[in-house]
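Participant: Provided herewith is a single structure, encoded as structure tokens, for subsequent inquiry.
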Amino acid sequence: MIHMEKITKVFSMGENEVRALDGVSFSIQKGEMIAIMGPSGSGKSTLMSIVGCLDVPTSGTYILDDSPVEKMNDTQLADVRNRKIGFVFQQFNLLSRTSALENVLLPLSYTNMSARAAREKALKTLELVGLKDRVKHHPSELSGGQQQRVAIARALVNDPAILIADEPTGALDSKTGAEIMDLFQSLYRDFGQTVIMVTHDAFIARHTNRVIRLADGHIISDIINPNPLKAGTPRPDAEV
């Protein structure tokens, strides 16, 4: 599904250049659940932006479903983001004055789907994430975990090929975070959803089936995890 070859991203800082990514290469198959992790400044956010078609590399090749992303213009990138990629962020990014249903309907407003079909799709997606009885509630009337479920439903409603989650449990307590991780694992396990989780937290990364570690713009390890943690596993004291 994803193939990246020698991806480089260079930012100009006055007279200086910063290589946020420097020759990054990897592939992701459909149906994988992967963590991309590293400390601040490692390049993981830049890599997420390129994988999510929010940005293009300075050099290198990015093939997404047989299409060369690095050659796309802004309009083409926007189309790919709307059709193929769903984003979930740490701070939810919900519209505060609209209901859960209206938040989830938003991505469908850019499609040719009829209003009735869009509403049915949004309701079905909210039911999938366990919010069937909260569709009329505004974000202020929902808990943090419920708000993140709305955000996940919004990301899923267009049936994206890839779900990208950026520190999705970072704003949640440990119990609620475990519930959200259980939802991500269910999407991967039961529905074959490709999930890419961007995190600095090694404990969260251990819930995925593969961990790519970045440091200073380079991949320093790419390890298969044959026994991912189940959601709700107590965090070891050493990692608290």
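The values are calculated or read from the model by the stated rules, or taken from the named source; none is laboratory data. Keep in mind that this is a model prediction, so the values were computed, not measured. Virtual Cβ from ideal backbone geometry, glycine too; neighbours counted across all protein chains shown.
Participant: If residue 82 passes every condition in (1) farther than 23 Å from residue 196 by Cβ; (2) part of a helix (DSSP H, G or I); (3) of a type in the set (S, T, N, Q) but one, which one does it miss?
Facilitator: (1)
Participant: Do we have residue 87 as buried (at least 18 other Cβ atoms within 10 Å of the Cβ), assigned to a loop (DSSP other than H, G, I, E, B) and in contact with a helix residue (DSSP H, G or I) (Cβ under 9 Å, 6 or more places away or on another chain) here?
Facilitator: So residue 87 fails the test.
Participant: Out of (1) at pLDDT 95 or above; (2) farther than 29 Å from residue 186 by Cβ, the odd one out for residue 28 is which?
Facilitator: Evaluating residue 28 over (1) at pLDDT 95 or above; (2) farther than 29 Å from residue 186 by Cβ leaves (2) as the failure.
Participant: From the list 56, 80, which one is touching a Cys at 6+ places or on another chain (Cβ under 6 Å) and over 22 Å from residue 170 (Cα atoms)?
Facilitator: Residue meeting the stated conditions: 80.
Participant: I've got another one for you. Suppose we filter the stretch 149-167 for residues that are closer than 22 Å to residue 200 by Cα and out of contact with any Ser or Thr (no Cβ under 8 Å at 6 or more places or on another chain); how many remain?
Facilitator: 6
Participant: Here is a further query. All but one of (1) surrounded by 20 or more Cβ atoms within 10 Å (Cβ to Cβ); (2) β-branched (Val, Ile, Thr); (3) without any contact (Cβ under 8 Å) to a residue 60 or more places away in the chain hold for residue 195; which doesn't?
Facilitator: Looking at each condition in turn, residue 195 falls short on (3).
Participant: Which one is surrounded by the most Cβ atoms within 10 Å (Cβ to Cβ) among residues in the stretch 125-157 that are under 20 Å from residue 182 (Cβ atoms) and among the basic types (Lys, Arg)?
Facilitator: Ranking the qualifying residues of the stretch 125-157, first place goes to 154.
Participant: Next up: Filter the stretch 90-101 down to the residues that are surrounded by 17 or more Cβ atoms within 10 Å (Cβ to Cβ) and either on the phi < 0 side of the Ramachandran plot or hydroxyl-bearing (Ser, Thr, Tyr) (or both) and list them by number.
Facilitator: The first filter runs over the stretch 90-101 and keeps only residues surrounded by 17 or more Cβ atoms within 10 Å (Cβ to Cβ), leaving 90, 92, 94, 99-101.
If the condition is that a residue be surrounded by 17 or more Cβ atoms within 10 Å (Cβ to Cβ) and either on the phi < 0 side of the Ramachandran plot or hydroxyl-bearing (Ser, Thr, Tyr) (or both), then 90, 94, 99, 100, 101 are the ones that fit.
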